[in-house]
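This report refers to the structure that appears directly beneath it.
The values are calculated or read from the model by the stated rules, or taken from the named source; none is laboratory data. Keep in mind it's a predicted model, so treat the numbers as computed, not measured. Neighbour counts are summed over all protein chains in view; Cβ atoms, including those assigned to glycine, are modelled from backbone coordinates with ideal geometry. For accessibility, only protein heavy atoms count, side chains too; no ligands or nucleic acids. Shrake-Rupley method; radii C 1.70, N 1.55, O 1.52, S 1.80 Å.
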Amino acid sequence: MNKLRNIRSINSPILITGHTGFKGSWLTALLDSLEIPYVGISLRPTPDALYNELDRTHLVNEYFQDIRDFSAVREIVGIHKPEMVLHLAAQPLVLDSYNDPLGTFATNVMGTANILESLRLLNSTVYVGVVTTDKVYKNDNQVHKFVETDPIMGTDPYSASKASTENVISAWRSMPTTESILIISSLRAGNVIGGGDLSANRLLPDLIRTLSAGDQPIIRNPEAVRPWQHVLDPLIGYLLALDFSIGSKEHNDFNFGPNDAAINVGTVAEIACEAWGESRIPLIQRLPNAPYEAGNLDLSSQKARSTLNWEPIWPQREAIERTIKWWKTHSHGNAKSCCDEDLKVALQFIG
């Protein structure tokens, strides 16, 4: 059964921001598989990006543009007049946010405001999914699955910028409506993993680089607990949330995380090394004067399950093993065939 009838009924391509990034690249592959057209706004991909190895058969047009430039964003939005938008573009890394807090806030907060204001000025109904993060919740480091109604507050620059993005969402939801109606969904996912992620200072990409080089695997914070999930799980959730918003005509917030309890970094590293065929135990190397990162983080996805009929496809261990398999297979083939293997499984769940 096709679960995306409402999305298929709209008259314009979906506008995706951040379509050249890790999640954005997987989203283009998913939309291609679903034969749903889309337009992209993003920074140019790096030479080694996953995006460069995919086909994008249903890409209508793309713009390599910084979302911090309101005039440029407004012009692109005015050209395509999208009825549906999935806003992924962001500075997504916690450690990078310490090095460039102003750039992080400019992209994550003002970039989002630029997108929403450009859409508001269309004077039409637009269904918008804004991707934030599991890190927007006020975190006391207790063992607790956050639900959508929990208080929002960030501590580090990244989580604070995304909590501020939630405030931007609230502000544009409250705008007086005439002909302009924005139906905005806030989409909060856990720690996303999968093939093709090359980000520095992320656990799986760092481990894969180390293992590929035959070096000693190193982790810095083995006790940190996170909800890990394969990239296709939240992407399917995002599409289901947008599809639901067309029918409900209501703003909504959704968490997307694994069903099983979040696991710590040390366990993830051990699973990854075992899947790679590496017998060595990862070396713990703590950073002196390391910047703050939350110790415990987990999400409840009960609302997404009950409202959207969404379920994660892979439990955390299998998502980690599948990511390692992607990279090992990629060394002997091409990224598209590796992605297609995961997509073939995922499409059974979305129709």
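Restricting attention to the stretch 152-181, the residues that are more than 21 Å from residue 90 (Cβ to Cβ) and open to solvent by 80 Å² or more (accessible area, probe 1.4 Å) add up to 5.
Across the stretch 106-149, what is the total count of residues that are among the hydroxyl-bearing types (Ser, Thr, Tyr), open to solvent by 40 Å² or more (accessible area, probe 1.4 Å) and closer than 20 Å to residue 75 by Cα?
2
Residue 162 meets all of the listed conditions (1) touching a Phe, Trp or Tyr at 6+ places or on another chain (Cβ under 9 Å); (2) modelled with pLDDT of 95 or more but one, namely (1).
Return the total of residues in the stretch 272-302 being among the hydrophobic types (A, V, I, L, M, F, W, C), within 20 Å of the chain's Cα centre (by Cα) and modelled with pLDDT of 90 or more.
Let us first name the residues in the stretch 272-302 that are among the hydrophobic types (A, V, I, L, M, F, W, C), namely 272-273, 275-276, 281, 283-284, 287, 290, 294, 297, 299.
From what's left, within 20 Å of the chain's Cα centre (by Cα): 294, 297, 299.
Filter once more, keeping what is modelled with pLDDT of 90 or more: 297, 299.
Number satisfying all stated conditions: 2.
For the stretch 313-336, a residue qualifies if it is farther than 15 Å from residue 228 by Cβ and either open to solvent by 60 Å² or more (accessible area, probe 1.4 Å) or among the aliphatic types (A, V, I, L, M) (or both), and the qualifying residues are 325, 328, 331, 332, 334, 335, 336. What are the residue pairs meeting all of these: first residue in the stretch 72-87, first residue within 16 Å of residue 43 (Cα to Cα), second residue of a type outside the set (Lys, Arg) and open to solvent by 30 Å² or more (accessible area, probe 1.4 Å), Cβ atoms under 6 Å, and 6 or more apart or on different chains? Matching pairs, first to second residue: 72/65; 76/63.
Mind checking which residues of the stretch 20-37 are under 19 Å from the mean Cα position of the chain (by Cα) and either farther than 21 Å from residue 119 by Cβ or open to solvent by 50 Å² or more (accessible area, probe 1.4 Å) (or both)? Matches in the stretch 20-37: 22, 25, 26, 29, 30, 32, 33, 34. The set of residues in the stretch 20-37 that are closer than 14 Å to residue 87 by Cα, charged (D, E, K, R) and in a loop (DSSP other than H, G, I, E, B) is empty. Residues that are part of a loop (DSSP other than H, G, I, E, B) and without any contact (Cβ under 8 Å) to a residue 60 or more places away in the chain were ranked within the stretch 275-291; the one that is most open to solvent (accessible area, probe 1.4 Å) is 289. With 305, 317 as the choices, which residue is of a type in the set (Lys, Arg), at pLDDT 95 or above, touching a helix residue (DSSP H, G or I) at 6+ places or on another chain (Cβ under 9 Å) and not in a strand (DSSP E or B)? Exactly one residue qualifies, and that residue is 317. In the stretch 292-308, the residues that are at negative phi and buried (at least 19 other Cβ atoms within 10 Å of the Cβ) form Cβ pairs under 6 Å with partners that are polar (S, T, N, Q) and at pLDDT 95 or above, at six or more places apart or across chains, as follows: 299/255; 301/255. For the stretch 5-19, taking the residues that are open to solvent by 10 Å² or more (accessible area, probe 1.4 Å) and part of a helix (DSSP H, G or I), the one that is nearest to residue 47 (Cα to Cα) is identified as 8. Just to verify a result, which residue in the stretch 235-266, among those that are farther than 30 Å from residue 10 by Cα and in contact (Cβ under 8 Å) with a residue 40 or more places away in the chain, is most open to solvent (accessible area, probe 1.4 Å)? So the residue we want is 259. Among residues of the stretch 38-50 that are closer than 12 Å to residue 22 by Cα, those with a beta-carbon under 6 Å from a residue that is not in a loop (DSSP other than H, G, I, E, B) at least six positions away or on a different chain give the pairs 45/51; 45/52; 50/25; 50/335. Scanning the stretch 298-336 for residues that are within 18 Å of residue 208 (Cβ to Cβ) and polar (S, T, N, Q) gives 316, 323, 329, 331, 334.
Among the residues of the stretch 38-69, those that are crowded, with 16+ Cβ neighbours inside 10 Å and not in a loop (DSSP other than H, G, I, E, B) comprise 38, 39, 40, 41, 42, 50, 51, 53, 59, 62, 63.
Looking only at the stretch 102-130, how many residues end up being under 25 Å from residue 298 (Cα atoms) and either of a type in the set (Phe, Trp, Tyr) or in contact with a Pro (Cβ under 8 Å, 6 or more places away or on another chain) (or both)? Count: 2.
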